Amino acid sequence: MINMFQGKRNHLYGIGLCIISAFLAIYLSKLIGVSLLGFKKSPLSPIIFAILLGLIINNFNSKIIKLEPGFKFCIQYLLKLGIIFLGIRLSLVDFLQYGSKSLAIIIPCIISSIIIVTLLKDKFKVSNNLSLLIAVGTSICGATAIVALAPSINAKKTEITYAIANITVFGLLAMFLYPIIANLVFIQESLPIGLFIGSSIHETAQVAGSAMIYAEQYSNQEVIGIATVTKLVRNTLMVFVIPYLAHRSLNNNNSKTNISSIFPFFIIGFIAFGLFRTFGDYYFLNINNITQLENWKYIISIIKKLAELLLIIAMAAVGYNTNFKYFKELGIKPFYLGFIAASIVGCVSMLMIKLMFV
């Protein structure tokens, strides 16, 4: 009974710490960007401060690990809720338009990553299972894809750990670097930048965070919606790729994957909010009632702000849930392969976007 109470208390304390960190990150963003640097709107996203707060506190205070259940709750549930609310930024037409264009970028990224990582695994003395986990984690959906594929190929716990460590390290680096790279390469063109961020960064949380960093730094909110749609389309492709890889695996030829267990159902919520926005805009723009139209715009702005707050809370949780001391225990060779996989996805994404949309 005492242990159960302690567990719930740690759960709540972990969530509470992430919420406090999120508001502190928002305060620091305004303090440094507006008060100290003199900008009208801070170019420094609260996402950056939220992750840094989590990373610093977690890696210098070993007792924080007790609150891990709360951090995982924020990543698993508050993040998804925030992404669902992001659907209010887009109409159904936007979703279909960006989703169809993103497929032309995502599919080559997935195929090239899996092929090249599989070909290089022997050179780096990485097992077949680990190479597949690194490939799907990098090219599709981060830890979710890794955890979904692992049982189907009888992956060992250490292989799962290595693969998740890879996408954590390189995904966080990409999250901070890719907004700068995208702006240099595509020069504030919303569609190419959104497609690049959404198709090349590993985790859904990292994509959302990176898109928000870009939006704050370069005053372009449109990129958030495009990057989110691209990532959600990418996530959905797990339904096709993971059963295929499980079937092809030498370890488990007869494996059957439960599609319902890997389908990212929160995408339905994202689309529902897009429909809500589509029908709401159509109704309130055609009734010639300024008061109701203003109320509708206010509701949209509240949902947008709530989505951003939930994502900042989730990003703080990502920081608190990342301990670099643990990575020291892992061998270096799988990280070489992970770096190559991440680089392939980024380069193929950029190349395809240049060929098709620039």
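Table for the structure above
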{"item": "Average silhouette area of the range 99-194, convex hull of alpha-carbon atoms, in square nanometres", "result": "7.0"}
{"item": "Per residue accessible area of the range 1-83, 1.4 Å probe, in Å²", "result": "61"}
{"item": "Links that overshoot a 18 Å alpha carbon limit, given the list 30/305; 101/304; 80/304; 8/72; 101/231", "result": "101/304"}
{"item": "Helix runs (DSSP H) in the chain reaching 30 Å along axis by Cα, Kyte-Doolittle at least 0.0", "result": "2-30, 92-120, 157-186, 290-320, 333-357"}
{"item": "All lysines inside 19 Å of residue 121 as judged from Cα atoms, apart from same-chain residues fewer than 8 positions distant", "result": "156, 157, 333"}
{"item": "Within the accessible area of the range 1-128 (1.4 Å probe), percent carbon and sulfur", "result": "72"}
{"item": "Surrounding net charge for residue 140, when Lys and Arg each add one and Asp and Glu each subtract one, Cβ distance under 13 Å", "result": "+1"}
{"item": "Cβ-based charge dipole, the chain, positive-most Cα from 190, 97, 144", "result": "144"}
{"item": "Cross-link reach list, aspartates and glutamates versus residue 63, counting only Cα pairs under 20 Å and skipping chain neighbours closer than eight places", "result": "329"}
{"item": "Using a Förster distance of 25 Å, the FRET efficiency for residue 299-residue 100 (Cβ separation, nearest 0.05)", "result": "0.30"}
{"item": "DSSP-loop trypsin sites (Lys or Arg not before Pro) across the range 1-105, with at most 13 other Cβ within 10 angstrom", "result": "40, 41"}
{"item": "With 20 Å bins from 0: P(r) over the chain, alpha-carbon pairs, percent", "result": "29, 59, 12, 0"}
{"item": "Net charge dipole size for the chain [Lys, Arg +1 and Asp, Glu -1 on Cβ; Debye, nearest 20]", "result": "720"}
{"item": "Net charge dipole size for the range 30-88 [Lys, Arg +1 and Asp, Glu -1 on Cβ; Debye, nearest 20]", "result": "100"}
{"item": "Length released on extending from residue 333 to residue 92, taking residue separation times 0.36 nm less the Cα-Cα span", "result": "82.3 nm"}
{"item": "Between the range 134-204 and the range 290-358, the Cα center-to-center distance that results, in Å", "result": "9"}
{"item": "Estimated [θ] at 222 nm from DSSP helical runs (n ≥ 4, -39500 (n - 2.57)) normalised by residues in the chain, nearest 500", "result": "-25000 deg cm²/dmol"}
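The values are calculated or read from the model by the stated rules, or taken from the named source; none is laboratory data. From a predicted model like this one, the values you see are computed outputs, not experimental measurements. We place every Cβ from the backbone using ideal geometry, glycine too, and count neighbours over all the protein chains shown. Just the protein is used for accessible areas: all its heavy atoms, side chains included, with ligands, DNA and RNA removed. Shrake-Rupley method; radii C 1.70, N 1.55, O 1.52, S 1.80 Å.
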